[in-house]
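K.L.:
After the C-alpha cells below, expect a handful of questions from me.
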Amino acid sequence: MIDIHHHLLWDQDDGSTSLETSLEMARIAAADGITHIACTPHANGQYAYIPEEIDAKIEELQRLIDAEGLKLKLGRGCDFHMTYDNIQVAHEEPTRFSLNNGMYLLVEIPDYALPRGLGETFYEMQISGLSPILTHPERNPTLQQEPELVAEWLRGGILVQVTAGSVIGDMGRRAQKMAHELLANRWVHFIATDAHNTSSRPPRMRQAHDVIADKYGSEYAHLLCVSNPLAAFMNNAMPQQLEPINLYEDEVPNRSWWQRLLGRY
Ligand SMILES: [Fe+2]
C-alpha cells in the first residue's frame with residue numbers, strides 16, 4: 001500500500017517528535033504493508049515548509065530505513081493549507097508543495113468559515129498544472145453539514161482523500177459516517193494514514209483497506225490504497241476509476257438526505 005499523507009518527519013510540525021519516533025513509525029508502517037510514504041509536513045501560518053530541509057531529513061531517514069532492511073520508499077509532499085499566502089506561492093511555483101514535485105497537491109481547507117470561491121481556487125490550481133487532492137473532507141465540520149460542496153468540487157475534477165482512521169471509527173462517529181457515505185458513492189480516490197505518531201494517530205491502513213474491500217469490493221479497496229496513490233506518488237495519470245454514484249445534477253443527494261444519514265434530524 002502507498003501512503004500519500006503522513007507526518008513522518010521529526011520536529012517538522014505536530015507529527016513525529018524525534019528521529020527515533022520517525023523510525024518506529026516507519027517500522028509500524030512497513031509491518032502494516034505500506035511500501036511507500038510521502039512525508040507531508042504542514043505548511044501553514046504555524047509551520048514553515050522548506051523543501052531543502054525536508055529533503056535532507058528524508059535522506060537521513062531513508063538511509064536508516066534501508067540499513068534496517070525495511071522495504072519502504074520515502075517521498076516528499078505537503079499538507080498544504082489553503083491560506084492566502086500559500087496559494088500565492090503555489091501559483092508562482094506550482095510544484096513547490098506537490099507530491100514528489102509532480103502535479104498532485106494535498107489541500108486542506110479550514111474547518112469553519114470556508115473562503116469564498118474555493119471552487120475557483122481549485123480551478124486556478126488546475127490551470128497552473130496541479131491536480132488538487134482534498135484531504136479528509138469527512139473530518140471537516142462544514143463539509144459534514146454541506147457535502148454537496150464535495151460533489152461540486154468532484155464534478156470540477158478534484159480528487160478526494162479519506163483518512164484510514166475515519167473508516168474504522170478512530171476519528172469519531174461523524175467522520176466515520178461521512179467516510180462511509182463518500183465510499184458508498186465512490187467519491188473517494190485515496191486512503192491515507194495522516195499519521196502523526198505511533199499511538200493515537202498511527203501509520204496503519206491495512207484495517208481500513210480490509211473494511212473497504214469487505215463492504216465496497218476488493219477492486220475499489222485496491223484502487224484507493226494501491227493503484228491511485230501509487231500513480232500520485234509516481235506522478236502518473238490516474239488509473240481508470242469506478243463510476244461514481246449520485247454525483248451528477250439529477251442524482252446529487254440534497255442536504256436533508258445527507259443529514260438524515262448523518263443523524264442530524
Ligand atoms: Fe495531515
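The values are calculated or read from the model by the stated rules, or taken from the named source; none is laboratory data. Small disclaimer: the values here were computed from a predicted structure and weren't measured. Cβ placement follows ideal geometry from the backbone for every residue including glycine, while neighbour counts extend to all protein chains displayed.
K.L.:
Determine, yes or no, whether LEU134 is surrounded by 21 or more Cβ atoms within 10 Å (Cβ to Cβ), in contact with a Cys (Cβ under 7 Å, 6 or more places away or on another chain) and closer than 17 Å to THR83 by Cα.
P.N.:
no
K.L.:
Now, a different point. Any idea which of LEU242, LEU224 is at pLDDT 95 or above, under 25 Å from MET103 (Cβ atoms) and out of contact with any Asp or Glu (no Cβ under 9 Å at 6 or more places or on another chain)?
P.N.:
Step by step, each of LEU242, LEU224 is checked, and only LEU224 is at pLDDT 95 or above, under 25 Å from MET103 (Cβ atoms) and out of contact with any Asp or Glu (no Cβ under 9 Å at 6 or more places or on another chain).
K.L.:
Exactly one condition in (1) closer than 23 Å to HIS91 by Cα; (2) polar (S, T, N, Q); (3) surrounded by fewer than 16 Cβ atoms within 10 Å (Cβ to Cβ) is not met by THR142; state its number.
P.N.:
(1) is the only condition that THR142 fails.
K.L.:
Provide a single number: the residues in segment 144-179 that are among the β-branched types (Val, Ile, Thr) and under 17 Å from LEU114 (Cβ atoms).
P.N.:
Residues in segment 144-179 being among the β-branched types (Val, Ile, Thr) and under 17 Å from LEU114 (Cβ atoms): 3 in total.
K.L.:
Which residues, taken from segment 179-233, are under 20 Å from ASP13 (Cβ atoms) and more than 16 Å from the chain's Cα centre (by Cα)?
P.N.:
ASN197, THR198, SER199, SER200
K.L.:
OK, next. Just for segment 180-194: of the residues that are out of contact with any Phe, Trp or Tyr (no Cβ under 8 Å at 6 or more places or on another chain) and assigned to a helix (DSSP H, G or I), which one is farthest from ARG27 (Cα to Cα)?
P.N.:
LEU182
K.L.:
Also, quick follow-up: What about ASP32, is it more than 17 Å from LEU105 (Cβ to Cβ) and surrounded by fewer than 17 Cβ atoms within 10 Å (Cβ to Cβ)?
P.N.:
The answer is no for ASP32.
K.L.:
On to the next question. Can you pull out the residues in segment 46-103 that are crowded, with 18+ Cβ neighbours inside 10 Å, more than 13 Å from LEU9 (Cα to Cα), within 16 Å of the ligand (Cβ to nearest atom) and of a type outside the set (Phe, Trp, Tyr)?
P.N.:
Answer for segment 46-103, where residues must be crowded, with 18+ Cβ neighbours inside 10 Å, more than 13 Å from LEU9 (Cα to Cα), within 16 Å of the ligand (Cβ to nearest atom) and of a type outside the set (Phe, Trp, Tyr): HIS81, MET82, ASN86, SER98, LEU99.
K.L.:
Pull out all pairs, ordered by first then second residue, where Cβ-Cβ is under 8 Å, the residues are six or more apart or on different chains, the first lies in segment 68-93 and is closer than 20 Å to GLY117 by Cα, and the second is assigned to a loop (DSSP other than H, G, I, E, B) and of a type in the set (S, T, N, Q).
P.N.:
Note: pairs meeting the criteria are HIS81/ASN44; THR83/ASN44; ASN86/ASN44; ALA90/SER128; HIS91/SER128.
K.L.:
Tally up the residues in segment 157-179 that are touching a helix residue (DSSP H, G or I) at 6+ places or on another chain (Cβ under 8 Å), part of a helix (DSSP H, G or I) and surrounded by fewer than 21 Cβ atoms within 10 Å (Cβ to Cβ), please.
P.N.:
The total comes to 3.
K.L.:
I'm checking my understanding of the structure. Among residues of segment 195-219 that are within 14 Å of the ligand (Cβ to nearest atom) and small (Gly, Ala, Ser), which one is farthest from ALA31 (Cα to Cα)?
P.N.:
SER200
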